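**Q** Sharing a structure below in C-alpha cells format, with a few things to ask.
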Amino acid sequence: MEIVKHIMDGVLLLKPTLFGDDRGYFYESYNAKRFAELTGVRTDFVQDNQSLSQKNVLRGLHFQNPPFAQGKLVRVLQGAVQDVVVDIRRHSPHYGQHFEVELSAENHLQMYIPEGFAHGFLTLEEQTVFVYKCTDYYEKNSEGCIAWNDPMLKIQWKTKTPLVSEKDKMGQRFEDFTSLF
C-alpha cells in the first residue's frame, strides 16, 4: 500500500499493492499494522458497511457528530463512484471546502476520511458496490446530513438528475449548519 495523495489535513488517498498474473490479482485491502506505519493513524475499525446502488444514486453528504464521530476507510468493489468529502471542522483552514476523486473497482483506490468530514458519493456505473470501514458504531441520534446540492459548496456532481433518498433531500444547507467539530 502507498499514499498517493495527502488531502486536507488527514484525508488520504491510498493505493494497495496488486500482485497479478494471468489468473487475476491479489491484494491486501487492509492491514492494521501497515496502515498505522504508513499513515500514522492508529485506529480500531469496529464496523464494516456495504451498499449496492444503480447508476446515478447519490448518497450523502453524511457524518456523525461527537461523541460518535466516525473515521472511514472507503473503497469500491464493483463499479465506480465520484467520492466527495467536505471539511466540517470549524477551525480548519479548509472549512467548507471539498475534495473529490473517482474510486473504482478498476483503479483500486481507497480513501481514509478522518472524523470531521461530511462524506458522499455518486455512483457512475450500474450495480456499484461501495464498502467502508468505520472507527465507531452507527448512532442514529448523532447522524447529520448536509445538502448534497448546496451551491455554497460548489460540488460539480457528474449528473444533473441523481437518485437521492428522502432523508438526503432534507440535508441541511451549509450556511445554516453549526459544526460540532
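Values quoted throughout were computed directly from the atomic coordinates according to the rules given, and no laboratory measurement underlies them. None of these values were measured; they are calculated from a predicted model. With ideal geometry, Cβ positions are generated from the backbone for all residues, glycine too; neighbour counts draw on all protein chains shown.
**Q** Is there any pair linking a residue in region 62-88 that is in contact (Cβ under 8 Å) with a residue 12 or more places away in the chain to one that is assigned to a loop (DSSP other than H, G, I, E, B) and basic (Lys, Arg), with Cβ under 8 Å and at least six apart or on different chains, and which?
**A** 82/158
**Q** Given 128, 159, which one is of a type in the set (Ser, Thr, Tyr) and buried (at least 18 other Cβ atoms within 10 Å of the Cβ)?
**A** After ruling out the rest, the residue left standing is 128.
**Q** Sticking with this one: Among the residues in region 73-83, are any touching a helix residue (DSSP H, G or I) at 6+ places or on another chain (Cβ under 9 Å) and either of a type in the set (Val, Ile, Thr) or farther than 17 Å from residue 16 by Cβ (or both)?
**A** no
**Q** Could I ask something else about it? Please determine, by comparing only the residues of region 71-102 that are surrounded by 20 or more Cβ atoms within 10 Å (Cβ to Cβ) and more than 11 Å from the chain's Cα centre (by Cα), which one is nearest to residue 180 (Cα to Cα).
**A** Among those that are surrounded by 20 or more Cβ atoms within 10 Å (Cβ to Cβ) and more than 11 Å from the chain's Cα centre (by Cα), it is 88.
**Q** Could you please let me know if residue 46 is in contact with a strand residue (DSSP E or B) (Cβ under 9 Å, 6 or more places away or on another chain), touching a residue at least 12 places away in the same chain (Cβ under 8 Å) and surrounded by 16 or more Cβ atoms within 10 Å (Cβ to Cβ)?
**A** no
**Q** Further, regarding this structure: I'd like to verify a number: residues in region 101-148 that are aliphatic (A, V, I, L, M), over 23 Å from residue 41 (Cβ atoms) and touching a residue at least 40 places away in the same chain (Cβ under 8 Å), how many?
**A** Matching residues across region 101-148 total 5.
**Q** Taking region 1-27 only, how many residues are of a type outside the set (Val, Ile, Thr), surrounded by 12 or more Cβ atoms within 10 Å (Cβ to Cβ) and either within 24 Å of residue 123 (Cα to Cα) or touching a strand residue (DSSP E or B) at 6+ places or on another chain (Cβ under 7 Å) (or both)?
**A** Of the residues in region 1-27, 9 are of a type outside the set (Val, Ile, Thr), surrounded by 12 or more Cβ atoms within 10 Å (Cβ to Cβ) and either within 24 Å of residue 123 (Cα to Cα) or touching a strand residue (DSSP E or B) at 6+ places or on another chain (Cβ under 7 Å) (or both).
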